[in-house]
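**Student:** Below you will find the structure I want to go over with you.
The values are calculated or read from the model by the stated rules, or taken from the named source; none is laboratory data. No experiment lies behind these values; they were computed from the predicted model shown. A quick note on method: Cβ atoms are made from the backbone with ideal geometry, for glycine too, and the neighbour counts reach across all protein chains shown. To get the accessible areas, we keep the full protein, side chains included, count just its heavy atoms, and leave off ligands, DNA and RNA. Shrake-Rupley method; radii C 1.70, N 1.55, O 1.52, S 1.80 Å.
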Amino acid sequence: METWVDDAARLTKPDRVVYCDGSEAENQSILQEMLKQPDSFRLNEKTYPNCYLHRSNPSDVARTEHLTFISTPKKEDAGPTNNWMDPEGAKFKVGSILDGSMRGRTMYVVPYIMGPVKSPISKVGVEVTDSPYVVANMRIMARIGKVATDRLGSSSDFVPGLHSLGDLDPLRRYIVHFPEERLIWSVGSGYGGNALLGKKCFALRIASYMARQQGWMAEHMLILGLESPGGKVMYMAAAFPSACGKTNLAMMVSALESQGYKVWTLGDDIAWMQIGSDGYLHAINPEAGFFGVAPGTGRKTNPNVMDAINRNTIFTNVGVTPENEPWWEGIGGDPPAGLVTWRSEKWDSSKGAAAHPNSRYTVPAGQLPSISPQWEAAGGVPISAFIFGGRRARLAPLVYESFNWQHGVFVGATMASETTAAATGDVGITRRDPMAMLPFCGYNMADYFQHWLEMGKRIPHPPKIFHVNWFRKGADGKFLWPGYGENVRVLKWILERVEGKAAAEETPIGYVPTKGALMLDGLRILPESLNELLRVNGDDWEVDLGDVWDFFTKFGPRLPPELLQEYAALIRRFAKSVSA
Ligand code: GTP
Ligand code: SPV
Ligand code: MN
């Protein structure tokens, strides 16, 4: 580690190098460094103790997918869905931006563990960065400092990540992954997944590459436990694209709590999974905190997190009230008088939203009231169901179940969703986003599909695979399904399907709940809305399958033939249902 750090310092030329031990005293001094910058503030000490507001550069407010690269010697190994640079070219081009980029600054060395300290599934990373804000966030999102150097010892088995703010010019911003070296270089951004290198860069892009080599899975999935009336807990993992509801589902307050159905949170973004000795796939959450979307988060939608983010929390790009409290659209109530926007302007209605749509909170996972007692279990938790989903205003029904693992992989591989503010670019454009991994798969996605197919053959008790859509809209353009805590009604159906109990109707796309199979007690929903939510419209699917075909052809002969078989089988089932 020291050798690599010395090399990084020789390239970036910081004034000082500070090794982080993870202690509270050190944290306070790093926060003091952060507060010296005009973009960071302490929030109200009484109502938000130990909370901070950070404003990132307005050109640096979300992941930048077009500036994110997979750097493998062969272009085909990155595949048609990733940006590619050859490693030598990347080292030269990005290296010249990193050369001297930390002059006048401190380089912090952050050794960290992704995953519970004692778990055999966990892995060590080391991030060097010139941003105290990044260090403060990493301290919440991972287990940093002495625990990590202790785990590492003198071994070189760690994923190095070199991060520098550079000059924050998007023209000199690159997030480059060298999967064969397990190395990450990121320059020119201080925001989220671009800069907290343990998260998307390591735990998804590099880890997905390692997982394929080593026979495990690294997925963009939340992990939750659904407790049923007898007290038994069933664990599920769900992959939805960025800003499509993972955090909210994982933390929901169940609408059926009085009937004995409660949701426990284990993770809200990433799952690392290995086959356990019991034949089940076991999942850990590699992260130690939540980097959640603020807008839309309030007492009504996510009371659990509202009870967690009033202390020891870093807010990024939210608005601020005259009482020095954080504010965003959806927190509850109208914008208060004297509100200041994320860009530090006095808010009025001409300014649009006070909080950036991708503004976030960073909060320690242990502060969540619904955190599962199992969330740091060294062996992980056994997963009984995988749930795929996305934003589809039309098409996908509220929920359906795949026929088997291979069909489930097809369902995941053909997922699509409307784009969100979590990445720069247009919002609301439907794009294919297989397994919610489009921006996060560290190798050729065709090989990733093959890896899924192979895992299915190796797992003695594989999870059943489902698909959900909370975002279907009616003719009036409004969501048909109330969502949030009401989503437990769908989870309950999934639980009962896994137990072989709930009723379902076979359709060409999979099993859809019969009208009576969803528990809807206490929910006001029009029968027409329910019909529309569960409807499988052959004409719409035909159009979508055309788009799937275009997507699949990008992979050429590398696409696993099983997926083409599933494609043909789906078309046959639709043809049969029409003739019937
Ligand atoms: P990342 O952190 O970017 O990976 O996002 P995420 O998948 O964790 O999404 P999150 O739960 O933060 O939700 C993003 C947005 O979707 C928020 O504005 C939520 O209010 C909204 N949302 C979440 N769940 C639901 C739901 O069930 N129904 C509706 N209509 N909106 C939802
Ligand atoms: C996502 O975009 O899926 C996130 C936020 O979880 S970030 O950490 O910025 O990638
Ligand atoms: Mn995410």
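**Student:** Put +1 on the Cβ of every Lys and Arg and -1 on every Asp and Glu Cβ in region 238-339; which of Thr247, Pro322, Ala294 then has its Cα farthest towards the positive end of the dipole?
**Tutor:** Positive-end residue among those listed: Thr247.
**Student:** Rounded, prolate or oblate: pick one for region 195-297, where a ≥ b ≥ c are the square roots of the eigenvalues of its C-alpha gyration tensor, a/c under 1.5 means rounded, and failing that, prolate if a/b is larger than b/c, else oblate. Show your work: numbers first, answer last.
**Tutor:** Details: a/c = 2.97, a/b = 1.30, b/c = 2.29.
Because a/c hits 1.5 or more and a/b fails to exceed b/c, region 195-297 counts as oblate.
**Student:** With a 1.4 Å probe and all protein chains left in place, how much accessible area per residue does region 337-474 have, in Å²?
**Tutor:** For region 337-474, the per-residue accessible area is 32 Å².
**Student:** Would you mind calculating the relative contact order of the chain from Cα pairs under 8 angstrom and at least 6 residues apart, reporting the percent as a whole number?
**Tutor:** Relative contact order of the chain: 15 percent.
**Student:** Here's another thing I want to ask about it. Using a 1.4 Å probe, how large is the accessible area of Asp550, given in Å² and rounded to the nearest 10?
**Tutor:** Probe radius 1.4 Å; accessible area of Asp550 about 90 Å².
**Student:** For region 134-177, rounded, prolate or oblate, judged on the Cα gyration tensor with a ≥ b ≥ c (square roots of eigenvalues), a/c < 1.5 rounded, else prolate if a/b > b/c?
**Tutor:** Oblate, because a/c is 1.5 or more while a/b does not exceed b/c.
**Student:** Next up: Assign unit charges at the C-beta atoms only (+1 for Lys and Arg, -1 for Asp and Glu), then state the dipole size of region 448-524 relative to its Cα centre in Debye, rounded to the nearest 20.
**Tutor:** It comes to approximately 100 debye.
**Student:** I want the antiparallel fraction of DSSP beta bridges within the chain, as a percent rounded to 5.
**Tutor:** 65 percent
**Student:** So what is the relative contact order of region 159-306, in percent, for Cα pairs below 8 Å that sit 6 or more residues apart?
**Tutor:** Normalised by residue count, the contact order of region 159-306 is 18 percent.
**Student:** Report the trypsin sites (Lys or Arg not before Pro) located in region 480-556 that are in a DSSP loop and have at most 11 other Cβ atoms inside 10 Å of their Cβ, or state none.
**Tutor:** Answer by residue number: Lys501, Arg524.
**Student:** Please report, largest first and rounded to whole Å, the three semi-axes of the ellipsoid equivalent to the chain, where each semi-axis is the square root of five times an eigenvalue of the C-alpha gyration tensor.
**Tutor:** Taking √(5λ) for each eigenvalue gives 37, 28, 23 Å, largest first.
**Student:** Which net charge results for the neighbourhood of Ile494, defined as the other residues with beta-carbon distances under 9 angstrom from its beta-carbon, given Lys and Arg at +1 and Asp and Glu at -1?
**Tutor:** On the way: positive: Lys464, Lys492, Arg497; negative: Glu401, Glu496.
Computed value for this residue: +1.
**Student:** For region 18-128, count all C-alpha to C-alpha pairs, find those more than 23 Å apart, and express that count as a whole percent of the total.
**Tutor:** Counting every Cα pair in region 18-128, those more than 23 Å apart make up 57 percent.
**Student:** Kindly give the semi-axes, whole Å and largest first, of the ellipsoid equivalent to region 361-440, taking each as the square root of 5 times a Cα gyration tensor eigenvalue.
**Tutor:** Sorted largest first and rounded, they come to 27, 21, 12 Å.
**Student:** Right, something else. Report in % the part of the accessible area of the chain that belongs to carbon and sulfur, leaving out ligands and nucleic acids; probe 1.4 Å.
**Tutor:** The value for the chain is 51 percent carbon and sulfur by accessible area.
**Student:** What dipole magnitude, in Debye to the nearest 20, does the chain give about its Cα centre under +1 on Lys/Arg Cβ and -1 on Asp/Glu Cβ?
**Tutor:** Dipole of the chain, to the nearest 20 debye: 260 debye.
**Student:** Also, quick follow-up: Taking all protein chains together and a probe of 1.4 Å, list Lys146, Lys300, Lys93 from the most accessible to the least accessible.
**Tutor:** If we order Lys146, Lys300, Lys93 from most to least accessible, we get Lys300, Lys146, Lys93.
**Student:** With every protein chain kept in the model, how would you rank Lys262, Lys346 by accessible area, 1.4 Å probe, largest at the top?
**Tutor:** Lys346, Lys262
**Student:** Per residue, how much accessible area does region 500-580 have with a 1.4 Å probe, in Å²?
**Tutor:** The answer is 59 Å² per residue.
**Student:** Between helix 132-141 and the chain, what is the angle of the helix's C-alpha long axis to the longest principal axis, kept within 0 to 90° and rounded to the nearest 10?
**Tutor:** 40 degrees
**Student:** Report the rotationally averaged projected area of region 464-540 based on its alpha-carbon convex hull, in square nanometres.
**Tutor:** Directional mean of the projected Cα hull area for region 464-540 stands at 5.6 nm².
**Student:** Continuing with this model, one more query. Expressed as an acute angle from 0 to 90° and rounded to the nearest 10, what is the orientation of the C-alpha long axis of helix 87-98 relative to the principal long axis of the chain?
**Tutor:** It is inclined by approximately 50 degrees.
**Student:** Starting from the alpha-carbon convex hull of region 500-571, give the projected area averaged over all orientations, in nm².
**Tutor:** Numbers: hull surface 27.1 nm².
Averaged projected area of region 500-571's Cα convex hull equals 6.8 nm².
**Student:** Just by accessible area at a 1.4 angstrom probe, what is the order of Met1, Met251 from largest to smallest?
**Tutor:** Met1, Met251
**Student:** What does the charge count around Glu181 come to, taking other residues whose C-beta lies under 14 Å from its C-beta (Lys +1, Arg +1, Asp -1, Glu -1)? Please report the intermediate quantities before stating the final value.
**Tutor:** On the way: positive: Lys91, Arg182, Arg205; negative: Asp7, Asp77, Asp86, Glu88, Asp157, Glu180.
Around Glu181, the charge tally is -3.
**Student:** In degrees, nearest 10, range 0 to 90: what is the angle between the Cα axis of helix 538-553 and the longest Cα principal axis of the chain?
**Tutor:** 40 degrees
**Student:** Could you give the distance between the Cα centres of region 171-213 and region 15-75, to the whole Å?
**Tutor:** When both Cα centres are located, 17 Å separates them.
**Student:** Here's a follow-up. To one decimal place, what Kirkwood hydrodynamic radius in Å is obtained for region 109-268 from all pairs of distinct Cα atoms?
**Tutor:** Answer for region 109-268: a Kirkwood hydrodynamic radius of 17.2 Å.
**Student:** Give me the accessible area of Lys74, 1.4 Å probe, in Å² rounded to the nearest 10.
**Tutor:** Accessible surface of Lys74 is approximately 110 Å².
**Student:** Let me ask something else. Taking a probe of 1.4 Å, how large is the accessible area per residue of region 102-234, in Å²?
**Tutor:** Ligands and nucleic acids excluded, the figure is 27 Å² per residue.
**Student:** Under 16 Å from the Cα of Lys246, which lysines turn up, not counting those fewer than eight places away in the same chain?
**Tutor:** Lys199, Lys200
**Student:** Sum -39500 (n - 2.57) across every DSSP H segment of at least 4 residues in the chain, then divide by the residue count to get the 222 nm mean residue ellipticity, nearest 500.
**Tutor:** Working: 15 runs with 150 residues, N = 580.
Rounded to the nearest 500, the figure is -7500 deg cm²/dmol.
**Student:** What lysines could a cross-link reach from Lys93, if we take a straight Cα to Cα line under 21 Å and drop same-chain neighbours fewer than 8 places away?
**Tutor:** Hits, sequence-local ones excluded: Lys13, Lys74, Lys75.
**Student:** For Glu24, what accessible area in Å² do you get when you roll a 1.4 Å probe over the heavy atoms of the protein chains, rounding to the nearest 10?
**Tutor:** 90 Å²
**Student:** Under 1.5 on a/c is rounded, so check that first for region 418-473, then, if it is not, pick prolate when a/b is larger than b/c and oblate when it is not; a ≥ b ≥ c are the square roots of the alpha carbon gyration tensor eigenvalues.
**Tutor:** oblate
**Student:** Multiplying the sequence separation of Asp348 and Asp39 by 0.36 nm and subtracting their Cα-Cα distance, what value in nm do you get?
**Tutor:** 109.1 nm
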